[in-house]
Amino acid sequence: MTFSFSFFLLPLVLILSPSSTPGSPWNCPSECICRQDGQVNCSGRELHSVPRTLDPSVQVLLLDHNRMDFLPPGAFTFLPRLLSLELQDNGLQRIHVHAFWGLGVLKSLDLSANALQALEPGTFQPLQALHTLSLAGNRLMRLEPTWLGPLPLLQNLNLQDNLLSSMGSGVLDRLPALHGLNLHGNPWVCDCTISSLWLWLRSHKHLVPGAEALLCVSPDRLTLRPMAAITEASFNYCTHPLTTWDLVVITMLGSLSFLASLAGCFIFGSLVTAFQARRKNRSVCYHQVKRSIPQTLGLDDPSKNTTTNFPTLSCSL
């Protein structure tokens with residue numbers, strides 16, 4: 001297994017950071033309001049990074065409406081008891097794959113109203129206790145299984161108002177505890193790429209409020225048609241993914257076809273060669289016979305005809 005360089009760098013960063021220095025007091029940052037019940041409010045403070053002097057016992061952290069466009073590795077490892085984290089409306093464009101390390105008990109994460117276009121595989125993997133996740137109002141154009149899951153306890157997922165046109169096969173299957181899913185406000189393209197989502201909706205429509213209002217923007221024949229109203233026949237032309245057995249059969253048939261083609265070419269070439277050799281042999285015999293016949297003159301006069309002994313020719317025809 002290979003690990004990124006940040007895997008080895010992260011412990012060193014945490015040791016050398018000011019908040020980890022032995023004997024240093026935990027202070028409430030001047031930009032934040034810290035309450036005795038474990039809630040810290042740092043909303044709308046023009047912050048560019050997560051404050052590092054917070055008490056490790058903090059359970060609720062409000063960092064919304066700031067200017068954190070990137071979450072670095074280990075951004076919250078000093079808050080092991082954090083239960084709720086709000087990061088909406090930060091202009092967030094990228095999240096490091098190790099940004100959420102140490103948040104093993106986090107239950108609620110709000111990343112809405114940011115500028116996320118993609119997520120690195122495994123970004124949410126440390127959040128195995130997560131119950132609620134909001135990615136609403138971002139710029140996600142697609143969603144892949146490794147971007148989200150597996151999240152065994154996730155109950156509510158908000159994907160509203162993104163640029164999602166399709167969803168990777170198996171995304172929702174990795175969320176077994178899902179009870180609520182918001183998919184509104186996305187430009188769904190109802191072709192073969194949407195077949196897995198459509199199939200999931202058939203048996204889980206009750207988990208998607210207003211599922212009948214999810215509209216297709218293309219192709220033309222399905223424009224503005226509710227996704228829930230699409231019939232199975234609409235996907236008959238789609239190519240189903242090949243199984244391992246299919247690939248084995250195709251490989252074997254391809255090899256056999258290649259060998260059969262070689263054998264056919266060899267047999268055909270042998271027949272053509274034999275035919276040409278036989279034809280050449282006949283031609284040689286014909287010319288030999290023709291040269292052995294005497295060129296006599298006056299054959300109409302019997303008195304001038306003489307008995308001619310022709311040489312015996314042996315030709316294999």
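No value in this document is a laboratory result; all are computed from the given coordinates. As the structure is a prediction and not an experimental result, all values here were calculated from the model. As a convention, Cβ positions derive from the backbone with ideal geometry for all residues, glycine included, and neighbour counts pool all protein chains shown.
Simple spin-label estimate for Leu262 and Ser169 gives 3.4 nm between the two label positions (7 Å along the Cα-to-Cβ direction from each Cα). With the simple model of a label 7 Å out from the Cα in the direction of the Cβ, Lys280 to Trp26 spans 9.7 nm.
Computed from the Cβ-Cβ distance with R0 of 41 Å, the FRET efficiency linking Arg81 to Ala213 stands at 0.55.
When peptides 81-89, 120-128 are sorted by average Cβ neighbour count within 10 Å, with the highest value leading, the order is 81-89, 120-128. For the range 83-183, averaging the sequence separation of C-alpha pairs within contact (under 8 Å, six or more residues apart) and dividing by the residue count gives a relative contact order of 24 percent.
Taking every pair of Cα atoms in the range 11-186, average 1/r, invert it to obtain the Kirkwood radius, and report Rg/Rh to two decimals. List each step's numbers first, then the result.
Numbers: Rg = 16.1 Å, Rh = 16.6 Å.
Radius of gyration over Kirkwood radius for the range 11-186 works out to 0.97.
For Arg202 and Gln59, compute 0.36 nm times the residue count separating them, minus their Cα-Cα distance, and round to one decimal in nm. If you can, show how the numbers build up before the last one.
Values: separation 143, 0.36 × 143 = 51.48 nm, distance 3.85 nm.
Full-extension gain reported as 47.6 nm.
Below 10 angstrom from the Cβ of His65, what's the summed charge of the other residues (Lys, Arg +1; Asp, Glu -1)?
Details: positive: Arg45, Arg67; negative: Glu46, Asp64, Glu86, Asp89.
So the environment of His65 carries a net charge of -2.
Full-extension gain between Ser270 and Asp37, please, as 0.36 nm times their residue separation minus the C-alpha to C-alpha distance.
Details: separation 233, 0.36 × 233 = 83.88 nm, distance 9.25 nm.
Extending this stretch completely gives an extra 74.6 nm.
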